[in-house]
Amino acid sequence: MNEFMGEDFLLETETARRLYHEVAAKQPIIDYHNHLPPGDIAGDRRFVNLFEAWLEGDHYKWRAMRTAGIEERFCTGDASPRQKFDAWARTVPQTLGNPLYHWTHLELRRYFGINELLSPDTAEEIWNEANAKLAEPAFSARGLLKMQNVQVVCTTDDPADDLAYHAAHAAAGSPDVQMYPAFRPDKAHNFTSLDDWKTYITRLGDAAGSAVTCWDHLLEVLMQRHAHFHAMGCRVSDHGVEFVPDVDWTPEAADKVMKKALGGTMPAEAEILLFRRAVMESCARMDAQAGWTMQIHLGALRSVNPRSLASLGPDTGFDVIGDFPQARGLARHLGALTEDEMLPKTILYTLNPADNEMIATMIGAFQGGIPGKIQFGSGWWFNDQKDGMERQLTALANLGLLPRFVGMLTDSRSFLSFPRHEYFRRILCSIVGKWVESGELPNDTALLDPMIAGICYGNAKDYFKFGVE
């Protein structure tokens, strides 16, 4: 029987063990998509307790706690930090088989050296031991990143954001971790609430010093903010959409929708889809001109529980995998950009694993000029667990070029989430190791080692060109 989360955790073959310990584990981390607060990095935040560093804002844990029957006040409510931690400790033994069980204990081990299993019986000891460590200077926000050998983090930022924290971090010349913004313009085409959209458009115009009264003005403002982000080191955009609309659009049609909405009338569903497509394609062209990478996160059906949305707001753990048609709209988007050679480097993520093979074949239809120009992004959100990663990696290997893959990211709001890169790397090495020892791949270090090192770090370094040494 193997030791729980021992040195060779998830590494079932000798080849897997060699690849992980000799190659993968040594690689630095470029985390090119996450939701870390920029102010915490720029200010090198000190965490008062384990709740702040570990549980604050973590909707993965909230979902599990609710399923365990924990009252909402211990998730997002007015309970004390210690009460919320204790509620999580009561939940953890029930997460067997869920990646949360692995993540929880990887994080306790890698950051705090705590090998005990978290439960109500060990909660007091773990709380005190972790809090004592967090009081040490090395356990600041940037210190936690350094512990995991993180070189680069890309936060997720709205075009209207002033990027003051990014500017402060860059001005400080901090050598420990580079932080860059990512351009996420979703609110420009999000008509969930017309009043919220109009308020946002005003805010966006204010950020650029120009009122937005028509489609041309919106494009000018987005271009101005895009240039500002570029000056701050941004090299990636990010779009979170249910699907890319399979519709035609023209600037005149987009202008008509824009003026209708500014005039106080909610656009019809078909008009909203047209406007979404217009914004996404226009931003893609900006990305291509600037040499950026466009990320598209597809397939989340968000805030399905109306009562919880009303009381708690979005991004609180009430999103699910959607079963939207994806292929035609996505192909239309990518195809339109190729017609005048304005297709940027692009990473496609799917929340629905049923779309894995579709995405893996879609990227092959639009490659050219840059190695791995169009990428099938790593297992995302509900798929960043062992089975989901294996399926994504296998689909990519079967239908694309696995050695060109740019690898893992955290997509997280927690500074303690970076052992997810270790989790991914162990799973990657396990898959390749099995292929080698079954005779499906040659046991050739000259072939295997550069591939593993590239997927873990080198490919992302070459692809994004953030300037790391």
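Laboratory data are not the source of any read-out in this text; all were calculated from the coordinates shown. Keep in mind that what you see is a predicted model, and the values were worked out from it rather than measured. Glycine gets a Cβ as well: all are built from the backbone with ideal geometry, and neighbour counts include every protein chain shown.
Multiplying the sequence separation of Ala453 and Gln83 by 0.36 nm and subtracting their Cα-Cα distance, what value in nm do you get?
So the chain would gain 129.0 nm between Ala453 and Gln83.
What's the extension gain from Gln224 to Gln289 if we count 0.36 nm per residue and subtract their Cα-Cα distance?
22.1 nm
Residues with beta-carbon under 14 Å from that of Gly322, excluding Gly322: net charge, scoring Lys, Arg +1 and Asp, Glu -1?
Result for the neighbourhood of Gly322: -3.
List the residues whose amide H sits under 5 Å from the amide H of Gln178, counting only those 5 or more places along or on another chain, with H placed 1.01 Å from N in the peptide plane.
So Gln178 has HN proximity to Val152, Val153.
Once you put a point 7 Å from the Cα of Lys260 and another 7 Å from the Cα of Asp248, both along the Cβ direction, what distance in nm separates them?
Spacing of the two 7 Å Cα→Cβ label points: 1.7 nm.
List, in the order given, every pair from Lys26/Lys465; Lys146/Lys465; Lys61/Lys187; Lys256/Lys465; Lys198/Lys345; Lys187/Lys260 whose Cα-Cα distance in the structure shown is over 28 Å.
Pairs exceeding the cut-off: Lys256/Lys465; Lys198/Lys345.
Where does the chain land at 222 nm, in deg cm²/dmol rounded to the nearest 500, when only DSSP H runs of n ≥ 4 count, each adding -39500 (n - 2.57), divided by all residues?
-14500 deg cm²/dmol
Filter the GluC sites (Glu not before Pro) in segment 354-454 down to the DSSP loop ones having no more than 14 other Cβ atoms within 10 Å, then list what survives.
Glu440
May I ask you to derive the FRET efficiency for Thr202 and Met147 from their Cβ-Cβ distance with R0 = 45 Å, giving the value to the nearest 0.05?
Computed FRET efficiency for Thr202 and Met147 comes out at 0.60.
How much net charge surrounds Gly433 when only other residues with a Cβ under 14 Å from its Cβ are counted (Lys, Arg +1; Asp, Glu -1)?
-4
Mind giving me the FRET efficiency for Glu116 and Met1? R0 is 25 Å, r the Cβ-Cβ distance, nearest 0.05 is fine.
Efficiency, from the Cβ-Cβ distance: 0.80.
Once you place label points 7 Å from the Cα toward the Cβ at Ser311 and Gln367, how far apart are they in nm?
So the label points at Ser311 and Gln367 sit 5.0 nm apart.
To the nearest µm²/s, what D does Stokes-Einstein give for the chain at 25 °C and 0.890 mPa s, using the Kirkwood radius over alpha carbon pairs as Rh?
Answer, rounded: 105 µm²/s.
Tell me the relative contact order for the chain as a rounded percent, counting alpha carbon contacts under 8 Å between residues six or more apart.
Reported as a whole number, the value is 22 percent.
What is the local net charge at Tyr200, summed over the other residues whose Cβ is closer than 13 Å to its Cβ (Lys, Arg +1; Asp, Glu -1)?
My count for the surroundings of Tyr200 gives -1.
Share of antiparallel DSSP beta bridges in segment 144-464, in percent to the nearest 5?
Approximately 10 percent, going by the DSSP bridge assignments.
Does anyone have the angle between helix 123-134 and the longest principal axis of the chain? Alpha-carbon axes, 0 to 90°, nearest 10?
Long axis of 123-134 versus the principal axis of the chain: about 70 degrees.
What FRET efficiency do you get for Asp162 and Glu339 if R0 is 51 Å and r is their Cβ-Cβ distance, rounded to the nearest 0.05?
In this case the efficiency is close to 0.90.
In sequence order, what are the phi-derived ³J(HN,Hα) couplings for segment 27-32 according to the Karplus relation 6.51 cos²θ - 1.76 cosθ + 1.60 with θ = phi - 60°, rounded to whole Hz, with x for glycine and proline?
Rounded to whole hertz, the list is 6, x, 10, 10, 9, 8.
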